[in-house]
Amino acid sequence: MNREIAKELLTHVIDPEVLYHQAPCGYLTFTPDGTIIRINQTLLNWLDHTEEEVLYEKKFGDFLSKGGQIHYEMFFRPMLNVSGSVKELSYELKTKHGAFFHVLFGAVAIKNDQGHVIAVNAILTDNTDRKHYEKELLVARNQAEKDKRNMQFLADLTPDLIWTTTPDGEIDYINARFANYFQVAGRKFTQEQFLERIHDDDRAGFKTAWAEKLKCGEPFSYDLRLKNHNGEYRWHLVKSVPHYTDDREILKWFGSCTDINDHKLALTKKDEFISVASHELKTPLTTLMGILQVLDRIKSKPATPMLSEFIDRANKNAKKINSLVGELLNVGQLTAGQLRINKEWFNLYQLIDNCCQYVRTEDVFEIDVKGDQELQVLADAGRIEQVLINYINNAVKYAPNSGLLTISFKVHNEEIMVSVTDNGPGIPAEKIPHLFDRFYRIDSGGSQYAGLGLGLYICAEIVKKHGGRFGVNSELGKGSSFWFTLPIKEL
Amino acid sequence: MAVQLHPMESILKRNNVNVIGNGEQVMLFAHGFGCDQRSWQFIVDAFTEDYRVVLFDYVGSGKSDLSQYSSAKYGKLEGYAQDILDVCEALSLRDVIFVGHSVSAMIGALAAVREPRYFKKLVFIGPSPRYLNDEGYTGGFERTDLESLFEFMDSNYLGWSSTMAPVIMGNADRPELGSFLTNSFCATDPEVAREFARVTFFSDNRADLAKLTIESLTLQCEEDVIAPLAVGEYVNAHTPNNELVILKATGHCPHISEPGETIKAIKAFL
């Protein structure tokens with residue numbers, strides 16, 4: 001635009017009076033006691049007042065809420081006197097009709113030669129909208145804080161140790177469980193500190209694997225033992241996934257350490273069990289195969305006097321294999337929760353007596369059965385027989401020199417208590433709590449006993465299924481008494 | 001190792017105590033709520049020739065040591081009264097002329113009831129023993145008025161930029177936003193100001209007035225929203241040995257708005 005034309009235009013536009021009154025902000029002048037001596041039209045419009053109603057009639061404080069008035073007296077006036085100006089105070093002004101609107105308020109004190117304030121010039125900007133956004137921002141911030149607290153709460157209470165690292169693997173966050181496991185102060189933990197807590201046998205492997213994943217940026221998972229603050233190692237599954245930015249850069253690694261100690265120990269036990277089971281099966285199987293070979297050789301001479309003995313032995317070994325497989329199947333059912341109980345009425349004394357027959361035939365033990373010969377019980381006869389045979393077999397196996405076995409049963413406190421008592425060496429107290437565990441095999445004095453270590457576990461499950469209790473009382477050097485109960489109210 | 005300050009020195013530092021003037025007689029000036037010792041700048045010069053003038057900031061205000069602030073102690077006016085007694089003790093003051101503005105009038109009264117030996121005369125500027133109206137008592141405020149002030153203060157400590165921004169963003173990691181406060185008049189931490197406001201406006205010290213034994217003066221402005229005339233009259237009526245002077249000055253801070261008139265009234269009393 002031509003400079004001359006612009007100047008010409010400006011002389012028309014700049015009328016100070018018009019500028020003052022039509023400015024997009026409010027102008028106000030008042031005396032030290034607040035009496036308004038000048039006000040522009042914009043502010044009058046906002047206040048819904050005419051000039052006549054306001055000039056010399058109203059004080060600035062009249063337009064303020066009570067809280068605003070206190071603030072004005074206690075903050076605004078001293079501040080203005082001391083510093084000569086105030087900036088950006090946020091006030092609420094009342095219109096003639098009692099509605100409120102928000103303004104940003106700045107003021108300059110006009111002082112006389114003695115430094116006395118003689119008037120105050122103020123500028124007011126309507127910031128109702130801004131107030132609205134401030135409020136929204138505050139709400140948003142409070143929400144964000146709340147979310148943050150929730151997340152922290154979750155992160156701290158999750159059962160896993162949680163951590164994050166920078167793209168190059170330096171730990172920059174750990175959750176409360178992490179800090180607690182390692183007892184670190186201030187939630188600061190370096191990568192080196194972490195490596196120190198890894199079991200010596202696992203450290204090198206972990207370092208190599210982790211370094212490789214850091215380089216290629218792929219999810220990571222590793223089993224290792226971590227030393228807790230008590231110096232005890234526990235197996236953990238360490239998992240980590242990279243978090244990428246939109247540009248496919250790694251921003252962070254998120255990781256967790258899950259305690260898999262019990263799981264790991266259970267697996268170890270299972271491995272051991274499989275090895276024991278294979279071994280147990282292998283022995284009778286080898287024997288059986290040997291016998292079959294012999295039988296094959298002598299099949300042309302059926303009159304051989306050894307024949308019937310060979311067949312006997314073959315049968316014995318096949319039965320042995322059959323019973324082992326039966327135990328395995330039982331355990332399989334128990335684990336799957338499929339153990340079925342078919343209750344029927346039977347005579348307990350007769351059942352016990354039958355169980356004893358085969359032991360008696362071997363003529364090593366004398367068996368004494370004590371109890372009401374007429375007592376009828378409602379239970380799964382086959383399963384109860386299984387339990388009794390197991391108890392008896394255990395006694396035969398672990399107390400071979402006992403001589404006498406006492407099997408007694410009696411009704412007591414709403415239940416039938418059945419016990420199998422030997423005069424064997426007894427069981428050390430520390431082993432008793434584990435006797436009914438799965439895969440537990442008593443290792444007494446280095447001698448190895450045949451079996452899968454499943455017998456008592458199966459017994460316990462059967463008794464539990466009947467709603468009964470089970471246990472063992474034992475005294476070293478005197479003998480042991482294995483017992484179980486069947487509740488009468490179930491009968 | 002931290003240098004252990006002598007108890008006296010540590011009090012002087014804690015309360016940012018300044019001693020000026022030439023006289024023998026000591027005048028102790030205590031600022032009101034929302035201010036600090038700079039609020040006395042318009043009148044102290046009139047006294048420094050004849051008096052030894054002691055100025056200080058309450059803990060939490062002005063340039064006091066903010067780290068000494070505890071809500072437990074300063075949640076009651078007695079905590080502030082202890083500041084006054086500490087200053088007297090640290091400077092070994094006796095027979096002090098105490099000048100207290102606004103809530104400091106009552107803080108000074110509490111201190112003088114507890115340890116009268118430190119004080120000779122008390123000057124109350126705009127005192128109020130209770131701001132809330134009560135049955136048979138006009139304090140000037142309803143509870144809702146005060147709630148509106150607290151709300152107002154929350155959104156408006158020293159202007160938008162220095163309050164809203166930190167409030168919205170959380171200023172923990174933006175110390176530069178907080179530094180606005182220390183450079184401004186009435187340099188009080190917003191949290192402290194909020195608590196100071198509550199303890200000021202919700203206190204009721206009417207019963208303490210009668211216990212005063214020290215001669216006192218009440219300076220009451222004709223028009224004061226914070227401490228209306230009726231309150232000044234109440235103080236005068238219930239305080240033994242109290243003189244009431246009504247100033248022409250308006251507002252709650254005559255020592256700032258009308259220093260001349262205020263000086264004259266104080267000198268007449270002394």
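The values are calculated or read from the model by the stated rules, or taken from the named source; none is laboratory data. All values reported here derive from a predicted model rather than from experimental measurement. Please note: Cβ atoms are built from the backbone with ideal geometry, for glycine as well, and neighbour counts cover all protein chains shown. Just the protein is used for accessible areas: all its heavy atoms, side chains included, with ligands, DNA and RNA removed. Shrake-Rupley method; radii C 1.70, N 1.55, O 1.52, S 1.80 Å.
Which residue out of A:Pro242, A:Pro284 is open to solvent by less than 40 Å² (accessible area, probe 1.4 Å) and in contact with a strand residue (DSSP E or B) (Cβ under 7 Å, 6 or more places away or on another chain)?
Values: A:Pro284 fails: in contact with a strand residue (DSSP E or B) (Cβ under 7 Å, 6 or more places away or on another chain).
Going through A:Pro242, A:Pro284 in turn, the sole match is A:Pro242.
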State which residue is farthest from the other protein chains (Cβ to nearest Cβ) when the search covers only region A:116-141 and only residues that are of a type outside the set (A, V, I, L, M, F, W, C) and in contact with a helix residue (DSSP H, G or I) (Cβ under 9 Å, 6 or more places away or on another chain).
A:Asp126
Across region A:82-111, what is the number of residues that are farther than 25 Å from A:Glu57 by Cβ, more than 55 Å from the chain's Cα centre (by Cα) and not hydrophobic (A, V, I, L, M, F, W, C)?
4
With the structure loaded, tell me whether B:Thr144 is modelled with pLDDT of 70 or more, open to solvent by 70 Å² or more (accessible area, probe 1.4 Å), within 14 Å of chain A (Cβ to nearest Cβ) and over 18 Å from the mean Cα position of the chain (by Cα) or whether it fails that test.
yes
Note: among B:Leu55, B:Leu66, B:Leu93, just one is open to solvent by 10 Å² or more (accessible area, probe 1.4 Å), hydrophobic (A, V, I, L, M, F, W, C) and touching a strand residue (DSSP E or B) at 6+ places or on another chain (Cβ under 6 Å), namely B:Leu55
In region A:156-165, how many are out of contact with any Gly (no Cβ under 6 Å at 6 or more places or on another chain), within 17 Å of A:Val238 (Cβ to Cβ) and either part of a helix (DSSP H, G or I) or open to solvent by less than 80 Å² (accessible area, probe 1.4 Å) (or both)?
6
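Listed here are the residues, each with its yes/no results for (1) in a strand (DSSP E or B); (2) touching a Cys at 6+ places or on another chain (Cβ under 8 Å); (3) within 9 Å of another protein chain (Cβ to nearest Cβ).
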{"site": "A:Met79", "(1), (2), (3)": "no, yes, yes"}
{"site": "A:Leu93", "(1), (2), (3)": "yes, no, no"}
{"site": "A:Gly98", "(1), (2), (3)": "no, no, no"}
{"site": "A:Ala107", "(1), (2), (3)": "yes, no, no"}
Failed condition for B:Gly23, given (1) open to solvent by less than 10 Å² (accessible area, probe 1.4 Å); (2) part of a loop (DSSP other than H, G, I, E, B), with all others met?
(1)
With the requirement that a residue be open to solvent by less than 70 Å² (accessible area, probe 1.4 Å) and either of a type in the set (D, E, K, R) or within 22 Å of A:Asp156 (Cβ to Cβ) (or both), what does region A:211-226 give you?
A:Lys213, A:Asp223, A:Arg225, A:Leu226
Hits in region A:61-95 - residues which are farther than 25 Å from B:Arg143 by Cβ and touching a residue at least 12 places away in the same chain (Cβ under 8 Å)
A:Leu80, A:Asn81, A:Gly84, A:Ser85, A:Val86, A:Lys87, A:Glu88, A:Thr95
Going through (1) at pLDDT 90 or above; (2) over 25 Å from the mean Cα position of the chain (by Cα); (3) loosely packed, with under 12 Cβ neighbours inside 10 Å one by one, A:Asn150 fails only at (2)
Selection status of B:Glu222, at pLDDT below 95, within 14 Å of chain A (Cβ to nearest Cβ), open to solvent by 70 Å² or more (accessible area, probe 1.4 Å) and assigned to a strand (DSSP E or B):
yes
From (1) over 30 Å from A:Lys59 (Cβ atoms); (2) touching a Gly at 6+ places or on another chain (Cβ under 8 Å); (3) not polar (S, T, N, Q), pick out the condition that doesn't hold for A:Ile123.
(1)
Residue list for region A:59-68, restricted to those being part of a helix (DSSP H, G or I) and either more than 8 Å from chain B (Cβ to nearest Cβ) or within 13 Å of A:Asp33 (Cβ to Cβ) (or both):
A:Phe60, A:Gly61, A:Asp62, A:Phe63
When only residues in region B:235-262 that are more than 14 Å from chain A (Cβ to nearest Cβ) and assigned to a loop (DSSP other than H, G, I, E, B) count, which is nearest to A:Tyr72 (Cα to Cα)?
B:Thr239
Only listed residue being open to solvent by less than 10 Å² (accessible area, probe 1.4 Å) and either assigned to a strand (DSSP E or B) or charged (D, E, K, R) (or both), chosen from A:Ile416, A:Ile392, A:Ile384
A:Ile416
In region B:81-127, which residues are without any contact (Cβ under 8 Å) to a residue 40 or more places away in the chain and among the aromatic types (Phe, Trp, Tyr)?
B:Tyr118
Considering residues of region B:205-219 that are open to solvent by less than 30 Å² (accessible area, probe 1.4 Å) and not in a helix (DSSP H, G or I) only, the residue farthest from the other protein chains (Cβ to nearest Cβ)
B:Ile214
Looking at A:Glu88, A:Glu136, A:Glu145, which is the one that is open to solvent by 60 Å² or more (accessible area, probe 1.4 Å) and in contact with a Ser or Thr (Cβ under 8 Å, 6 or more places away or on another chain)?
A:Glu88
With respect to B:Lys76, determine if the residue is of a type in the set (Lys, Arg), farther than 25 Å from A:Gln114 by Cα and touching a strand residue (DSSP E or B) at 6+ places or on another chain (Cβ under 6 Å).
no
Which of the residues belonging to region A:36-60 are under 21 Å from B:Pro228 (Cα atoms) and in contact (Cβ under 8 Å) with a residue 24 or more places away in the chain?
A:Lys59, A:Phe60
Of everything in region A:133-171, what is touching a strand residue (DSSP E or B) at 6+ places or on another chain (Cβ under 6 Å) and in contact (Cβ under 8 Å) with a residue 24 or more places away in the chain? Give them in sequence order.
A:Asp160, A:Leu161, A:Ile162, A:Trp163, A:Thr164, A:Thr165, A:Thr166, A:Pro167
